[in-house]
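Heads up, the thing below is written out as structure tokens.
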Amino acid sequence: MCRILLAAGEGYRMRPLVEALIKASENDPYKAARGRGNQHRDGWGYVLITKEKIEYYRSPKPIFEDEKATQLMDKLRGFGVLLLHSRAASQGGVNLFNTQPFAYGSPHGYQLFFMHNGDLIKDLLLEGLRLPKERFEKASDSYLAGMYVSLFLKDTDDNSIVERMALLKGVVRTSLNTGGIILEPENIKLFGTAYMREEFLEKEAEKNYMRLLSFYSADLFAMMSSTLELYTFLPLDDVENSTIYVIDVDMEKETFKPKPYPLEVSQGQ
């Protein structure tokens, strides 16, 4: 399981959270409390979108041993959106292929960047996608979850995003903490889900590790893994379990509008 950061707003305001994620990847007390070691060292990557460009980088190196992480800090200038992921592998090989965030070209007319923290039931994902198990033996569950979204999310309105992500709750073994960017020819949306199975809410070590936090100010909205609270002075709030945020982004006006919804399938679906 991994550490994630989703952000929209002023780049310089993202820097303390990026720095916190780097430190959390090198020493994560919440991970250690679960008896799983204290590091996230199985690769990292990011997507940074500004008015001028898209930067997409993935590496199997640990984020805290890669000079590109420091270079990313320097690139956080002006308005933009960011996905940042640091991996501790649970399923799939430790290699460049399984390093996140993933990128998909959807047949429905958008590009999807997707990252996930948690553990999913891979066989159920393969069954839903009607894909052969042997062909994807070394692919991660997170890769298949992103593929599912790119293939079955046909419309990018808020309700469609909420319901498509909510349907993934049925394949969750531990948590469905995600971040995504939907890039259309004239539109950008972000989404982030915070979900852990209810039995983990009663287990302190598991809950502490799987929680997601948020930060919301006039010039920045962010969702992030719990460990970042140990490495930043920014005031962070817990995201209620089974919540999804959909964030409308206007790159020209440099505005963002986060909207929280219950992560549920509406009646009749």
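Could you run the Karplus curve 6.51 cos²θ - 1.76 cosθ + 1.60 with θ = phi - 60° over region 29-40 and give me ³J(HN,Hα) per residue in whole Hz, x for Gly and Pro?
x, 5, 5, 4, 5, 8, x, 10, x, 10, 10, 10
So what is the accessible area of region 41-152 per residue, in Å², with the probe set to 1.4 Å?
On a per-residue basis, region 41-152 sits at 43 Å².
On full extension of the chain, what length is gained from Ser59 through Ser160, given 0.36 nm per residue of separation minus the C-alpha to C-alpha distance?
Stretched out fully, the Ser59 to Ser160 stretch lengthens by 33.2 nm.
Just need the relative contact order of the chain here, percent rounded to a whole number, with Cα pairs under 8 Å and 6+ apart.
Rounded, it is 22 percent for the chain.
What whole-number volume per residue, in cubic angstrom, does the convex hull of the C-alpha atoms of region 3-262 give? Can you show the working numbers first?
On the way: hull volume 29.6 nm³, N = 260.
Per-residue hull volume (Cα only) is 114 Å³.
How big is the shadow of the Cα convex hull of region 133-231, averaged over all directions, in nm²?
9.0
Strictly over 26 Å apart at the Cα level, which of Lys31/Lys189; Lys75/Lys189; Lys154/Lys203; Lys51/Lys259; Lys122/Lys154 would you flag in this model?
Pairs exceeding 26 Å: Lys31/Lys189; Lys154/Lys203.
Only Cα pairs within less than 10 Å get springs; with that Gaussian network setup on the chain, which residue of Phe102, Phe200, Phe113 has the largest fluctuation?
Phe200
Share of the chain's accessible area from carbon and sulfur, percent, 1.4 Å?
Working: 5570 of 11880 Å².
Of all accessible area on the chain, carbon and sulfur atoms account for 47 percent.
For region 196-269, what does the accessible surface come to per residue with a 1.4 Å probe? Please give it in Å².
Per-residue accessible area for region 196-269 comes out at 56 Å².
Taking θ as phi - 60°, what are the ³J(HN,Hα) couplings along region 258-265 by the Karplus curve (6.51, -1.76, 1.60), each to the nearest whole Hz, with x for Gly and Pro?
Those phi angles translate into x, 10, x, 9, x, 7, 9, 8 Hz.
Could you name the aspartates and glutamates whose alpha carbon sits less than 14 Å from that of Lys68, not counting residues in the same chain fewer than 8 places away?
Glu19, Glu55
The values are calculated or read from the model by the stated rules, or taken from the named source; none is laboratory data. The structure displayed is predicted, hence computed values, not measured ones. Remember, those area values only see protein heavy atoms, side chains included, never the ligands or the DNA or RNA. Shrake-Rupley method; radii C 1.70, N 1.55, O 1.52, S 1.80 Å.
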